[in-house]
Amino acid sequence: MTTEPRHYLDVDDLTADELDEVLGLAAEYKAEQTEGVLHDDLDNQTLGMVFEKPSTRTRVSFETGMTQLGGHAIFLGDSDIQLGHGEPLKDTSRALSRYVDVLMGRMFDHESLEEIAAYSDVPVVNGLTDDAHPCQTLADLLTIQEHARGLEGTSVAWVGDGNNVAQSFVIGAALAGIDLTVATPEGYGIDDEVVERAAELGGEPAIVDDPADAVADADVIYTDVWVSMGQEDEREEKLANFDGFQVNDELLDSAADDVSVMHCLPAHRGEEITDDVLESDHAIVWDQAENRLHAQKGLLVWLCEYA
């Protein structure tokens, strides 16, 4: 690794070629795990995991991934360390990076993670912020690659809220050559700067206001919760504003018979997606959830050994 660590705070911290390398590593680890191959790529290395937000998939997939790579992960909740008792982020970062080999943060403010990265001597990974969820995008791309037999030219429709997951996926789709269409209610769209960045990368998404138009030619339909963590006071307003954007059997009737459906989970069944669709043969959400493990293993090894 170079003297200056590489960080992964959003998807375009990787070039298109580097993204392909990480996804290639992820696919290799997944295939070899299925064959019973053991790995020690990160033997005796430690991942420090700083959590301001709770999680199921992020915590378990990172901890399990480090174990499977021969390393060790330490969970650090804000009540477990001095960060939750007034210590400046820069002090926490400088101290932790003297102990561990890589840091992962699941934070509210993206700027907090940027500050951690600015003062860290080791790679810092974004496990989620209010602005971005790039590790989810890695898993999404790995899943699409598996089910659509590639990424370049695959058609994906995002239906629902232009939230942090969507923002990162727009950038990832542009890097990967995916043909992306986004359908969101007015006022809940993708940030202008994210659309501009996707255009710079050669993959500006098509923006429509009718979910049926978005899914008409899609190979994959992707949705996420309408009410994200910390937005509970907006719940009733959002449920009203998102009327007509549910991924249900009626919407699937506007799509191809073999369309796949993705959701990053946890799902609010009966809101952004129906139970019938989530339990149908169209849903590839469990492969998508599993791929958090493999994609993050590829990322961790790339950051620690190849960057």
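For a modelled paramagnetic label at D210, 7 Å from Cα along Cα-to-Cβ, the residues of the stretch 166-191 in reach, with backbone nitrogen under 18 Å, are 181-186. Taking 7 Å steps out from each Cα toward its Cβ at T67 and E290 produces label points 1.8 nm apart. With kT/(6 pi eta Rh) evaluated at 37 °C and eta = 0.692 mPa s, and Rh the Kirkwood radius from Cα pairs, the stretch 136-288 diffuses with a coefficient of 217 µm²/s according to Stokes-Einstein.
Here the Gaussian network model covers the chain, with springs between Cα atoms less than 10 Å apart; of F75, F245, F62, F75 fluctuates the most. Remark: the stretch 47-198 carries a charge dipole of roughly 620 debye about the Cα centre, counting +1 on each Lys and Arg Cβ and -1 on each Asp and Glu Cβ.
The alpha carbons of the stretch 27-136 give a radius of gyration and a Dmax of 14.3, 47 Å, in that order.
Amide H to amide H, with H built 1.01 Å from N, V261 comes under 5 Å of I221, A283, I284, counting only residues 5 or more places away or on other chains. Here the stretch 136-288 is assigned +1 on the Cβ of each Lys and Arg and -1 on the Cβ of each Asp and Glu. Its dipole about the Cα centre then comes out at about 500 debye.
For the stretch 1-106, a crude dipole built from +1 on the beta carbon of Lys and Arg and -1 on the beta carbon of Asp and Glu, taken about the Cα centre, is about 560 debye to the nearest 20. Cβ crowding within 10 Å ranks L265, L42, L103, L252 as L265, L252, L42, L103, fewest other Cβ atoms first. Pick from S254, S93, S79: which residue has the top mean-square fluctuation in a GNM of the chain where Cα pairs under 10 Å get a spring? Most flexible of the set in this elastic network: S79. Listed by Cβ neighbour count within 10 Å, with the fewest neighbours leading, D40, D130 appear as D40, D130.
Candidates N248, T274, A295 compared by Cα position along the dipole of the stretch 230-295: farthest toward the positive end lies A295, with charges placed on Cβ. Among I221, I144, a tally of other beta-carbon atoms within 10 Å of each Cβ gives an order, fewest to most, of I144, I221. Using Cα pairs under 8 angstrom and six or more residues apart, how large is the relative contact order of the stretch 136-288, in percent? Relative contact order comes out at 24 percent.
Normalising by residue count, the chain has a Cα convex hull of 125 Å³ per residue.
Taken one residue at a time, the phi angles of the stretch 221-236 give Karplus couplings (6.51, -1.76, 1.60, θ = phi - 60°) of 10, 10, 9, 8, 4, 7, 10, 7, 4, x, 10, 4, 6, 9, 4, 5 Hz. Gly and Pro are set to x.
Coordinate-derived values only; no laboratory data. None of the values given here were measured: they were computed from a predicted structure. Glycine also receives a Cβ, built like all others from the backbone with ideal geometry; neighbour counts cover every protein chain displayed.
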